[in-house]
Amino acid sequence: MKKLLPTSTAGSLPKPSWLAEPEKLWSPWKLQDEGLNEGKQDALRLSLQEQQHAGIDIVSDGEQTRQHFVTTFIEHLDGVDFENRKTVRIRNRYDANVPTVVGAVARRKAVFVDDARFLREQTKQPIKWALPGPMTMIDTLYDAHYKSREKLAWEFAKILNQEAKELEAAGVDIIQFDEPAFNVFFDDVNDWGVATLEKAIEGLKCETAVHICYGYGIKANTDWKKTLGSEWRQYEEAFPKLQKSNIDIVSLECHNSHVPMDLIELIRGKKVMVGAIDVATNTIEKPEEVANTLRKALQFVDADKLYPCTNCGMAPLSRDVARAKLSALSAGAEIVRREISN
Ligand SMILES: [Zn+2]
């Protein structure tokens, strides 16, 4: 990409209120059948238009066609029973009633490829597509079949690789895997987490990214953050292995977080999507605050590898707030862009 500091979002953006109840995770659809398909496409168009209007450089679908970043992908797979639910602890943090793996998992047909093709038709800008990562997928299920987190993760990695290859063929420029679980299960990350992620990107020619964050701005996450102390060093655990991996881009939570910025030094050489927008507050960042976060990151990332971004998805926020935050991101990036080119 020629433009310096190209902006993007971590992934999800709020849905219109006619499509799903706003400011809510797993919000049920308000339309059915053909009306729902049409509504999802219209919402995708709107979300794209809002990103473009805010000056975002690498655009996405805003995850308008999915109810949740992990479950919607899993719903399309064989081997998972959504009726048979069990309560499990997600990322050691909160209990959720999740579906059960009852047989061999398989992807019978493409999950998001038609949606990606639709987005591709709407714009010539670079597009990024998010998929859940293998470790985050297994952490959102009860496994009564493989009875091994690692085995199931390898199976999901193969499935994700099939989907990713088709997304690439549909014209996606960057495929991103969301792995918030990398911030929790450090031994697994190093034993097989990064390896399964590399399996998921095997053979891809497009750029690849991993997004590791401290989660949406929901209560379970903000409560957890309060227990993490004054310095959040979780990234330190996965970074050395990620630095050696084939992943091109690492997407991180940096703004208003207690992550010491110098940890980014550990992934020197990678492109870094620096989260400069806090998704856990309705307060709109001032462009100068965004610029400050980017300036701090520039001490540890070369300017041609810094991609200003949001800390995480913005699905649970109101549309007004999300729009204003996107504009602040663009304005903040522009301040630093001018400083660099002077
Ligand atoms: Zn996130």
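Just so you know, all these numbers are worked out from the coordinates, no wet-lab data involved. Since the structure is predicted, the reported quantities are computational estimates derived from the model, not experimental observations. Neighbour counts run over all protein chains shown; Cβ positions are idealised from the backbone, glycine included.
Just list whichever of LYS30/LYS151; LYS270/LYS325; LYS219/LYS270; LYS30/LYS109; LYS24/LYS225 have alpha carbons separated by over 30 Å in the model shown. Violating the 30 Å Cα-Cα cut-off are LYS30/LYS151; LYS219/LYS270. Quote the relative contact order of the chain in percent (integer), defining contacts as alpha-carbon pairs under 8 Å separated by 6+ residues. Relative contact order here is 20 percent.
In order along segment 262-267, the phi-based Karplus estimate (6.51 cos²θ - 1.76 cosθ + 1.60, θ = phi - 60°) of 3J(HN,Hα) comes to 5, 4, 4, 3, 5, 10 Hz; Gly and Pro are listed as x.
For segment 241-281, the gyration tensor built on C-alpha atoms gives a prolate shape. Its axis ratio a/c (a ≥ b ≥ c) is at least 1.5, and a/b is the larger of a/b and b/c. What residue among THR196, THR87, THR65 has the largest mean-square fluctuation in a Gaussian network model of the chain, using Cα springs under 10 Å? In the Gaussian network model the winner is THR87. Each principal axis of segment 44-133 carries a Cα extent, and these read 43, 32, 19 Å when sorted largest first. Applying a 4.7 Å Cβ-Cβ cutoff to the chain, the cysteines left without a disulfide-compatible partner are CYS206, CYS254, CYS309. The loop-placed trypsin sites (Lys or Arg not before Pro) in segment 237-342, going by DSSP, that have at most 16 neighbouring Cβ atoms within 10 Å of their Cβ come out as ARG268.
Both numbers refer to the Cα atoms of segment 1-80; Rg and Dmax are 14.2, 44 Å. A convex hull fitted around the alpha carbon atoms of segment 149-194 yields 68 Å³ per residue.
Bridges between two residues of segment 76-187, per DSSP, are antiparallel at a rate of about 55%. For segment 94-218, the ratio of Cα radius of gyration to the globular rule of thumb 2.2 N^0.38 Å stands at 1.08. In a Gaussian network model over the chain where Cα atoms closer than 10 Å are linked, find which of VAL105, VAL272, VAL59 has the largest mean-square fluctuation. Comparing VAL105, VAL272, VAL59 in the GNM, the peak value goes to VAL105.
The trypsin sites (Lys or Arg not before Pro) of segment 172-220 that meet both conditions, a loop assignment by DSSP and at most 11 other Cβ atoms within 10 Å of the site Cβ, are LYS205. So for the chain, what percent of the C-alpha to C-alpha distances run longer than 38 Å? I get 8 percent for the Cα pairs in the chain exceeding 38 Å. When the Gaussian network model of the chain links Cα atoms closer than 10 Å, the mean-square fluctuations of THR208, THR222, THR140 top out at THR222.
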